[in-house]
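> Below are the structure tokens for one structure; questions will follow.
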């Protein structure tokens, strides 16, 4: 099976292909893994719900024919209560799919069957992919695929998509369905009053929606699902108002049978649930102990006290390993890139390149890029795989579970804990991850407060200051513990500002949500490393380099353009000094943060360049030498504290600001996202400086 794919939103134009097949299912059943296996794409997958939000399309060549595959956002129901559920429902009922592949998790099949039955009640061209059969076997769970197929009336194929097992057979069945092999609609048995009301409407709706079951349409009309009715009217070009008299008679019959709107909804839900249990009992055998391990782990990891303790311990381990492991590779990479830069600069000079051009290219652009690469690459190459291992294991949703109560009290959403955790790697990635939050208000709160979590680019500055001014002889262990404290302060700021926003400019009631705790899984270490390197590390590094290169040119020009006997950089430093002094810092520090807008990694080199009056970014060989430069320029413990606080509480980097603009589509909120943390940081730093001057 040869594959080729193009990644774009599910709403975009499809590639040229004969048939279109949609992949649907609950969140976290391995749907995107099946999609990747069929298309050869590398859409990021992980063991937590909500990975597919905007959807993706890809093409697959199978047995000489080309198919378009659509990864539909995961949903639990066709009764839509969120944007993602609406996208999924509309595509299943009104989209361009010739057939559907419904993906379910063999280890928790009962939970997935409700959605499958709802889909089969609406459409009759589908196949069932029972994924994770390998994990089910390890737990002693037996799935009778033939019995399941007989009960549902559609082809059922077992698969283990992560290893590719059964994927080809799934595509075979989907191709047959797309070419016209239809099954029966699933008729869910409902109470007699509901059945009578459906029968009243069937003659009047049978010709309205050729792709959707008349029975399913009748139920939605009885329920008064206005969003579905409007979408149906738009798609098929009829007016539901013409059916008003028939709908009213059917509802009157329901009321006469003692069934109002709420009772109808309960009856429909109960009917689907009963059928799901009956199908499950006919096809699945599982031992009583199969989920005991997960329950024992959850008793610890979601405990209100121990769960938080484990979370902090894991964060400490990740940061300690990142700090300890990145030192030597970072130093080696810095030496190699510095040596290469000197060689290239010498070659350019020998070829007659003017000195200003060599300075701009090598002392400005190249040195800035080499600093960003040497500082960012080693810690990211450690942090992202470790973070992805937690993601693949199923632990990340437990963090959201543990923090949901706190976020709820702050007027925010529990899923913000997931995006906050993503922010440790890159705030821009975390802003994009906020799409998993359904409520626009709570999504915006998550976007606006994500910058209070220190990203990978701010760690070098924080770690250096902690080691020089606070860790003493404690080494990396003490530095890691203090860094955890700084991070907790950032998290507290996230809670505080979220609460402030939810009570002022973004008022509203926190929304309830269903957070699925996926089964714990053994991560595929090799795939995790490869995926984290290519999907995250190199992606973030490339984006940082793209903004750091022009920044390097600007910094070199500012430091080498002389006005009145002093560089432009020097004039700007003196201009900012009064404000910097009021904030417990100085003009050089403030200017370093301003010029570090493209990438937080270059704040410390700019700082040294200003203190040493150098015409290019400066890197010192040891923290001892750096400490000497800082103290010689008036640094104290208060200066270090204010600098760390402002590093946590200031405007996002240029990449994150651009991402915020793309996600919100609003220049106003993008500007607000820069002003809000900066004002908070200024107030905090001024307060710390004032108190420090009183006490010291």
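The values are calculated or read from the model by the stated rules, or taken from the named source; none is laboratory data. Owing to the predicted nature of the structure, the values given are computational and were not obtained by experimental measurement. Cβ sites come from the backbone with ideal geometry, for glycine too, and all protein chains shown count toward neighbours.
> Of everything in segment 426-460 that's within 14 Å of residue 384 (Cβ to Cβ) and in a loop (DSSP other than H, G, I, E, B), which residue is modelled with the highest pLDDT?
Only one residue tops the list, namely 455.
> Tell me the residue from 654, 665 that is modelled with pLDDT under 90, under 26 Å from the mean Cα position of the chain (by Cα) and either under 19 Å from residue 493 (Cβ atoms) or surrounded by fewer than 20 Cβ atoms within 10 Å (Cβ to Cβ) (or both), please. Show your work before the answer.
On the way: 654 fails: either under 19 Å from residue 493 (Cβ atoms) or surrounded by fewer than 20 Cβ atoms within 10 Å (Cβ to Cβ) (or both).
On inspection, the qualifying residue turns out to be 665.
> I've got another one for you. For segment 183-190, state whether one or more residues are modelled with pLDDT of 85 or more and over 30 Å from residue 19 (Cα atoms).
yes
> Let me ask you something else. Scan (1) crowded, with 21+ Cβ neighbours inside 10 Å; (2) in contact with a helix residue (DSSP H, G or I) (Cβ under 6 Å, 6 or more places away or on another chain) for the single condition residue 444 breaks and write down its number.
Exception for residue 444: condition (2).
> In segment 478-513, which residue that is in a loop (DSSP other than H, G, I, E, B) and either under 24 Å from the mean Cα position of the chain (by Cα) or closer than 21 Å to residue 646 by Cβ (or both) is modelled with the highest pLDDT? Outline the logic, then answer.
Narrowing segment 478-513 to residues in a loop (DSSP other than H, G, I, E, B): 504-513.
Applying the additional criterion that residues be either under 24 Å from the mean Cα position of the chain (by Cα) or closer than 21 Å to residue 646 by Cβ (or both) yields 506, 508-513.
Numbers: 506: 82, 508: 67, 509: 61, 510: 60, 511: 59, 512: 58, 513: 59.
Only one residue fits best here, namely 506.
> Quick test for you: out of 640, 625, 632, pick the one residue that is at pLDDT below 80, surrounded by fewer than 23 Cβ atoms within 10 Å (Cβ to Cβ) and assigned by TED's automatic domain parsing to the domain that holds residue 682. So that I can check it myself, show each step before the final result.
Values: 640 fails: at pLDDT below 80; 632 fails: at pLDDT below 80.
Going through 640, 625, 632 in turn, the sole match is 625.
> Could you count how many residues in segment 152-181 are under 19 Å from residue 121 (Cα atoms) and under 37 Å from the mean Cα position of the chain (by Cα)? Walk me through it before giving the result.
First pass over segment 152-181, keeping only residues under 19 Å from residue 121 (Cα atoms): 152-156, 174, 177-178, 180-181.
In the following step, the residues that additionally are under 37 Å from the mean Cα position of the chain (by Cα) were identified as 152-156, 174, 177-178.
The number of residues fulfilling the criteria is 8.
> Considering (1) outside the structural domain of residue 481 (by TED's automatic domain parsing); (2) out of contact with any helix residue (DSSP H, G or I) (no Cβ under 7 Å at 6 or more places or on another chain); (3) within 30 Å of residue 406 (Cβ to Cβ), say which one residue 244 fails and leave the rest.
It fails just one condition, (3).
> Checking residue 221 against (1) surrounded by fewer than 18 Cβ atoms within 10 Å (Cβ to Cβ); (2) touching a helix residue (DSSP H, G or I) at 6+ places or on another chain (Cβ under 7 Å): exactly one of these is not met. Which one?
Answer for residue 221: the failing condition is (1).
> Taking the options 15, 83, 49, name whichever one is modelled with pLDDT under 55 and surrounded by fewer than 21 Cβ atoms within 10 Å (Cβ to Cβ). Quick ask: steps written out before the conclusion?
Details: 83 fails: modelled with pLDDT under 55; 49 fails: surrounded by fewer than 21 Cβ atoms within 10 Å (Cβ to Cβ).
Answer to the check: 15.
> Still on this structure: Identify all residues within segment 137-154 that are touching a strand residue (DSSP E or B) at 6+ places or on another chain (Cβ under 6 Å) and either closer than 13 Å to residue 38 by Cα or crowded, with 21+ Cβ neighbours inside 10 Å (or both); write none if there are none. First the steps, then the outcome.
Quick first cut of segment 137-154, residues touching a strand residue (DSSP E or B) at 6+ places or on another chain (Cβ under 6 Å) only: 142-143, 145, 148-149, 154.
Within segment 137-154, 143, 148, 154 meet the criteria.
> Among the numbered conditions (1) surrounded by fewer than 24 Cβ atoms within 10 Å (Cβ to Cβ); (2) assigned to a helix (DSSP H, G or I); (3) touching a helix residue (DSSP H, G or I) at 6+ places or on another chain (Cβ under 8 Å), tell me where residue 197 comes up short.
Tallying (1) surrounded by fewer than 24 Cβ atoms within 10 Å (Cβ to Cβ); (2) assigned to a helix (DSSP H, G or I); (3) touching a helix residue (DSSP H, G or I) at 6+ places or on another chain (Cβ under 8 Å), residue 197 fails exactly one: (1).
> Taking segment 573-607 as the search range and keeping residues that are under 32 Å from the mean Cα position of the chain (by Cα) and part of a loop (DSSP other than H, G, I, E, B), which one is nearest to residue 374 (Cα to Cα)?
Among those residues, the one meeting the criterion is 599.
> I would also like to ask the following. Checking the condition surrounded by 13 or more Cβ atoms within 10 Å (Cβ to Cβ) and either without any contact (Cβ under 8 Å) to a residue 60 or more places away in the chain or on the phi < 0 side of the Ramachandran plot (or both), which residue from 350, 273 passes?
273
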